[in-house]
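Here's the structure we're looking at; comments come further down.
All of the numbers you see were taken from the coordinates with simple rules; none came from a lab. Everything numeric in this text was worked out from a predicted model, so none of it was measured. Cβ: placed from backbone, ideal geometry, glycine included. Neighbour counts: every protein chain shown.
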Amino acid sequence: MSTETETVAARRANFRADAEKWLALNVPDEWRKNRGALDEEQETRIRWEWDRQLHAGGFAGLSLPVEYGGQGLGLREEVLFGELAARAQAPDSLGRIGKILTAPLLIAHGTEQQRATYLPAILSGEQVWCQGFSEPGSGSDLASVACFAQKVDGGYLVRGRKTWTSYSRQAERCLLLVRTDQDAPRYKNLSLLLLDMKAPGVSLSPIRQISGSAHFSETTFDDVFVSDEDRVGADGNGWAMAMAILSSERGAVEAVTRYVEIRADMTLLRDCCARAGEAVDRLQDLELRVELIRWQVSKAVAREEDEERMLGSVMVLKVLWSELWQELTSLAAKLSCSEHRDHWRYQYLESRAATIYSGTSEIQRNIVAERVLGLPK
Ligand SMILES: Cc1cc2nc3c(=O)[nH]c(=O)nc-3n(C[C@H](O)[C@H](O)[C@H](O)COP(=O)(O)OP(=O)(O)OC[C@H]3O[C@@H](n4cnc5c(N)ncnc54)[C@H](O)[C@@H]3O)c2cc1C
């Protein structure tokens, strides 16, 4: 082993030991033991607090540069921390859109001013973000968005509607995909804005989900001003920005955060809810496939240097984790012990949406078929 490899291995071993110790001391008991019984307000409070704890403990923005409040480590540490968090049954971050979508976008395409303004607030847990892509008439076909931003002196006036906007009630900012040109051809008529959700003209109508939660809203913009400084990329270049965001949303870091939740559910089902000898084959199959997600993420990250190969490994993840989670919660709803019945009812209903958000399974399968396997359209 070369000295450099030994140094990297030692650094990772230290990181692992520190993270394990920190997680053992900091994961809130209220979450670990009682997650299924929490109401929406309690859940939001714990997840928000968790973001602050991560920051105070030095575990926020592991792969982001130190000058913006990150830890300057790599994607491998990000993934390793996710694996350890899964074992420790840690909460999911409330600021996940800011951390997983906005931060990499600003690092790759933002201005220095945007990075300096937003990244520290995202990583400290102060600022929650939402994503304003979908509209009543535009979901999978994102290029058809109609919410319009009219060019005015120094910025834009946004008017129109978005829907299914998760975290909109807590969010201070929105990654907003808008049409900025009514005449330019498709894919060249969009721009990506960083909109202030507290600005005059923004209104929300919460939408209640089948699980009983109202994690998202319909969001209306009535002449909301956004300055030119809050546009990412050039005017008319919003499609490329949206694609960058979607590749983070369907990528390795996102999949690890999903693994955290699915791993916790699998452990609960195996160790508590299923009675001895019950559904043994099904449980073994699910257990194996949960660990396959972890393995597939590690494989993708190991290919970090080769973007094409990495993408090939990443693109199957969204379908893998979302469909697996649905199978797991369906079985759990049948096997549940009386203590965890509410938890499984909630997770069963929540997991139904997983094959829709962040790209439906049909769309994801088309992408894998065309871009990874090279099959004809
Ligand atoms: C819980 C939840 C949270 C969400 N959070 C957000 C959010 O925060 N921000 C946001 O912007 N959006 C959010 N969404 C919206 C989500 O991104 C869209 O629902 C999704 O992109 C699908 O769009 P749609 O609902 O308009 O369905 P459609 O695009 O109308 O699709 C309907 C059906 O047709 C299929 N279909 C469509 N086109 C094709 C095709 N070309 N080939 C094969 N099949 C096709 C789809 O797979 C689907 O089964 C959320 C959705 C859910 C359920």
To test your reading of the geometry: what angle, between 0 and 90 degrees and rounded to tens, separates the Cα axis of helix 252-268 from the longest principal axis of the chain? 40
Sorted by Cβ neighbour density within 10 Å, fewest at the top, the residues CYS272, CYS174, CYS337: CYS272, CYS337, CYS174
Add -39500 (n - 2.57) for each DSSP H run of 4 or more in the chain, then divide by its residues: what number comes out at 222 nm, to the nearest 500 deg cm²/dmol? -15000 deg cm²/dmol
Reach of LYS99 by Cα under 13 Å, taken over aspartates and glutamates that are not fewer than 8 positions away in the same chain: ASP51, GLU78, GLU126, GLU249, GLU254
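Pop the C-beta distance of ASP271 and ARG45 into the FRET formula with R0 = 30 Å and round what comes out to the nearest 0.05. Mind dumping the intermediate values first?
Working: r = 27 Å, r/R0 = 0.90.
So the FRET efficiency works out to roughly 0.65.
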Residue separation times 0.36 nm, minus the C-alpha to C-alpha distance between TRP295 and ILE207: what's the value? 28.1 nm
Picking from ALA149, TRP22, GLN114, whose Cα lies most toward the positive end of the charge dipole for the chain (charges on Cβ: Lys, Arg +1; Asp, Glu -1)? TRP22
Which one of GLN182, GLN89, GLN326 has the biggest mean-square fluctuation once the chain is modelled by GNM with Cα springs under 10 Å? GLN182
Between 0 and 90°, nearest 10: helix 317-335 axis offset from the chain longest Cα axis: 50
Suppose each label sits 7 Å from its Cα in the direction of the beta carbon; what would the LEU25-ARG12 distance come out to in nanometres? 2.5
Out of SER124, SER205, SER313, a Gaussian network model of the chain with alpha-carbon springs under 10 Å gives the largest mean-square fluctuation to SER205
Counting other beta carbons within 10 Å of each Cβ, put ASP29, ASP342 in order, fewest first. ASP29, ASP342
Return the lysines within reach of LYS151: Cα separation strictly under 24 angstrom, same-chain partners fewer than 8 residues apart disregarded; answer none if there are no such residues. LYS162, LYS188, LYS198
Treating the angle as unsigned and between 0 and 90°, give the value, to the nearest 10°, between the Cα long axis of helix 112-123 and the longest Cα principal axis of the chain. 30
Give the aspartates and glutamates whose C-alpha is closer than 16 Å to that of LYS377, dropping any in the same chain fewer than 8 places away, or say none. GLU362
Amide H neighbours of GLN131 at under 5 Å, excluding residues fewer than 5 places away on the same chain, with H built from the backbone geometry, are SER166, LEU175
